[in-house]
């Protein structure tokens, strides 16, 4: 054991790792393989590790007509197969409550307005300004359309 006079200077004044703030993650192309096999399982694994911020919301934006329940069931089935940390039904039950589905074509301006209204409602519920992450998991031909519509 080192005497106090010889303590490790690299350990002094260390600040513990800060915790990420709550945010809303919007995934464009939410019914595709990237979302089902990579994105949602990765977010789930963050929850398993205790690293997913409390109050996070995940909104899947895609053109197919689905309910939140049907969307969640599809994600759960694949998560059982691909999650690196296995699948805990109790944790999934809590995690899936943060997942919502938003049906719209990528070219439909009304769909983006409904998304904006939904995001504003989440912000009001949280009591703060929007902390948002937009992930484009669609086919490349839709990238420009999605980005142009997001800035409106």
Subject >> Matching residues in the stretch 23-39 - criterion: being under 10 Å from the mean Cα position of the chain (by Cα) and either assigned to a strand (DSSP E or B) or surrounded by fewer than 20 Cβ atoms within 10 Å (Cβ to Cβ) (or both) >> reply: 23, 24, 25, 26, 27
Original post:
When you scan the stretch 29-75, how many residues do you find that are at positive phi and in contact (Cβ under 8 Å) with a residue 12 or more places away in the chain?
Top reply: 2
**OP:** Give the stretch 124-148 a look and list any residue that's closer than 22 Å to residue 40 by Cα, free of Cβ contacts under 8 Å to residues at least 12 places away in the same chain and out of contact with any strand residue (DSSP E or B) (no Cβ under 7 Å at 6 or more places or on another chain), or say none.
**Re:** 140, 147
Subject >> Qualifying residue in the stretch 51-58 (condition: modelled with pLDDT of 95 or more and surrounded by 13 or more Cβ atoms within 10 Å (Cβ to Cβ)) >> reply: yes
Original post:
How many residues are without any contact (Cβ under 8 Å) to a residue 12 or more places away in the chain and either outside any loop (DSSP other than H, G, I, E, B) or closer than 23 Å to residue 42 by Cβ (or both) if we restrict to the stretch 95-110?
Top reply: 2
Original post:
With respect to the numbered conditions (1) assigned to a helix (DSSP H, G or I); (2) free of Cβ contacts under 8 Å to residues at least 40 places away in the same chain; (3) touching a helix residue (DSSP H, G or I) at 6+ places or on another chain (Cβ under 6 Å), which one is the sole condition not fulfilled by residue 78?
Top reply: (2)
Subject >> Set 83, 104: member being under 19 Å from residue 31 (Cα atoms), buried (at least 16 other Cβ atoms within 10 Å of the Cβ) and under 18 Å from the mean Cα position of the chain (by Cα) >> reply: 83
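The values are calculated or read from the model by the stated rules, or taken from the named source; none is laboratory data. Here the structure is a predicted model, which means the values were calculated and not measured. Here the Cβ is made from the backbone with ideal geometry for all residues, glycine too, and neighbour counts use every protein chain on show.
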